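A short write-up of the structure that comes next.
Each value in this text was obtained by applying a stated rule to the coordinates, not by laboratory testing. Predicted model only: the values in this text are computed from it and were never measured. So basically every Cβ, Gly included, is an ideal-geometry build from the backbone, and we count neighbours across all protein chains shown.
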Amino acid sequence: MTAKKVYKVVVVGMGKRGMHHASAFQKNPRFELAGIVEPEAPRLAKAAAELGISKTAADAGPLCEEVKPDIFCFCTPPSIRLPLIKAGIKSGAQLIAYEKPIALSMNEALEIRAAVQAAGVKTVVSHQHRYGVHYQKVKEIIASGSLGRVHTVYGHSAGWMIHLITHLVDYMGWFNNYAEAQWVMGQAAGRGKLKDNHPSPDYIAGFIQYSNGVRGIVECGAGAPDIPEIDYWWRKNRIGAMGTEGFAEVLTGGGWRAVTRRDGAISGAGCMNYDLEMPPYVQDMATWLDDETKVHPCNGETAHKGMEISMGLVRSVVQRGQVALPLGPGDPEIEALGKILPDQPVLLSSEVNHKEYLG
Ligand SMILES: NC(=O)c1ccc[n+]([C@@H]2O[C@H](COP(=O)([O-])OP(=O)(O)OC[C@H]3O[C@@H](n4cnc5c(N)ncnc54)[C@H](O)[C@@H]3O)[C@@H](O)[C@H]2O)c1
């Protein structure tokens, strides 16, 4: 039997997520961590020492020319996307893996999609929570049919939009078998996070019409309901599905639960944990590169559809009314939102959100 190819990886941006990615690639024999890139010298030196890697650079270009990676991975703040997509294409990599959200505007997301499609490069976006056992269990319950006819999928988070909405809509879409979204309608409040490095309204809420008739309901931020069962604020996320025979939902930081006519009330453990989610997430990149038919569950095309829902909701706030999908180019959504959101403090759903949104 011939040995399977070892894929060379360059990781760019050695902050929190870059380190998670680099060490997950390093621990899997299907990958060789061939180089790391980071513009901040002390951070680069620290990452190099921790990973025991000597091939380092402040800029991806020359290092990639030398290394010729199969996978170009970048984990930078959300404002830095298209230039690194272009650098990834130029590197000759077959797959670009990068962090959510895919962009800060629909225009940029469309440019990214056009560029990678033209170059024939695969993309994978880090919506890796789904590998958690509690997420998998909820998907299994929904797929078993024990909820009856699913009519509603939902997701909400205490954290603000640009951090979390694409995670939520990705898992809602998964729970709804990736039915196409046809239109969205949303509303938003609060200017406090517009200048954040994940620029967002303090609260956004909206509805999604899926082509199979299922209703999606999504909320992010200060007004989203609290989940008192979860202590860790960033993990106060709940994603689930309701049907004619029951419901099933996952709590990012607190397991899963379901009530169905067939099985009664059932629940189980599980908590978001990078150490558990990153290994299968990177393994699935090798699996996809080995076999075209084994498309990565976090592929860029699915992420693009989640971006359409997310930015469609913002367009709905700005333009009012329903917004039909798919989205074409338009005014950059977050800037447009900044022009129209009233200067009124957001109203909270719970005191647990006070510190983050009202200081
Ligand atoms: N998937 C998840 O669960 C998850 C969790 C946290 C953060 N994120 C996302 O990951 C991304 C990065 O977040 P983080 O927490 O690792 O941030 P971070 O600030 O810890 O790291 C970002 C790194 O990128 C570097 N950088 C900035 N500009 C660069 C450039 N032009 N070229 C190369 N490197 C550059 C910075 O110096 C920094 O070291 C964000 O988009 C964030 O939303 C995802």
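Report the residue count in region 92-108 for those that are farther than 17 Å from M311 by Cβ, crowded, with 22+ Cβ neighbours inside 10 Å and more than 9 Å from the ligand (Cβ to nearest atom).
4
Looking only at region 1-32, filter to residues that are crowded, with 22+ Cβ neighbours inside 10 Å and assigned to a helix (DSSP H, G or I); which one of those is farthest from the ligand (Cβ to nearest atom)?
Once the filter is applied, the top-ranked residue is F25.
Just checking, how many residues over region 312-359 are outside any loop (DSSP other than H, G, I, E, B) and not polar (S, T, N, Q)? Let's see the steps before the verdict.
Our first condition is that a residue be outside any loop (DSSP other than H, G, I, E, B); within region 312-359, this holds for 312-319, 323-324, 333-340, 351-358.
The next check asks that each one be not polar (S, T, N, Q); those that pass are 312-315, 317-318, 323-324, 333-340, 351-352, 354-358.
The total comes to 23.
Take the residues in region 60-73 that are assigned to a helix (DSSP H, G or I) and not hydrophobic (A, V, I, L, M, F, W, C), then tell me which one is nearest to the chain's Cα centre (by Cα). I'd like the intermediate steps shown before the answer.
Let us first name the residues in region 60-73 that are assigned to a helix (DSSP H, G or I), namely 60-67.
Of the ones still in play, those that are also not hydrophobic (A, V, I, L, M, F, W, C) are 61-62, 65-66.
On the way: G61: 26, P62: 29, E65: 29, E66: 31 Å.
Among those residues, the one meeting the criterion is G61.
Could you tell me which of the residues D331, D263 is touching a helix residue (DSSP H, G or I) at 6+ places or on another chain (Cβ under 9 Å), surrounded by fewer than 18 Cβ atoms within 10 Å (Cβ to Cβ) and either without any contact (Cβ under 8 Å) to a residue 40 or more places away in the chain or of a type in the set (A, V, I, L, M) (or both)?
Numbers: D263 fails: either without any contact (Cβ under 8 Å) to a residue 40 or more places away in the chain or of a type in the set (A, V, I, L, M) (or both).
From the options D331, D263, the qualifying one is D331.
Looking at D284 and the list (1) touching a Phe, Trp or Tyr at 6+ places or on another chain (Cβ under 8 Å); (2) within 28 Å of E32 (Cβ to Cβ), which single condition is not satisfied?
With (1) touching a Phe, Trp or Tyr at 6+ places or on another chain (Cβ under 8 Å); (2) within 28 Å of E32 (Cβ to Cβ) applied to D284, the lone miss is (1).
Of I80, I89, which residue is more than 18 Å from A22 (Cα to Cα), near the ligand (Cβ under 7 Å from one of its atoms) and out of contact with any Cys (no Cβ under 7 Å at 6 or more places or on another chain)? Full working, then the answer.
Details: I89 fails: near the ligand (Cβ under 7 Å from one of its atoms).
Matching residue, one of I80, I89: I80.
Go through region 213-303 and tell me which strands (runs of 3 or more DSSP E), entirely inside it, have 3 or more residues that are closer than 30 Å to G359 by Cα.
Numbers: elements: 215-221, 237-243, 246-251, 256-260, 264-268.
Of the strands (runs of 3 or more DSSP E) lying wholly inside region 213-303, those with at least 3 residues that are closer than 30 Å to G359 by Cα span 215-221, 237-243.
Please go through region 36-59 and give me each residue that is more than 7 Å from the ligand (Cβ to nearest atom) and assigned to a helix (DSSP H, G or I), ordered by number. Give the steps one after another, and end with the answer.
As a first pass, look at region 36-59 and keep what is more than 7 Å from the ligand (Cβ to nearest atom): 36, 41-42, 44-59.
Within region 36-59, A41, P42, L44, A45, K46, A47, A48, A49, E50, L51 qualify.
Please work out if K122 is over 27 Å from R315 (Cβ atoms), in contact with a strand residue (DSSP E or B) (Cβ under 6 Å, 6 or more places away or on another chain) and among the charged types (D, E, K, R). Even if it seems obvious, please write down each step before you answer.
Details: over 27 Å from R315 (Cβ atoms): yes; in contact with a strand residue (DSSP E or B) (Cβ under 6 Å, 6 or more places away or on another chain): yes; among the charged types (D, E, K, R): yes.
Spelling it out, K122 is indeed over 27 Å from R315 (Cβ atoms), in contact with a strand residue (DSSP E or B) (Cβ under 6 Å, 6 or more places away or on another chain) and among the charged types (D, E, K, R).
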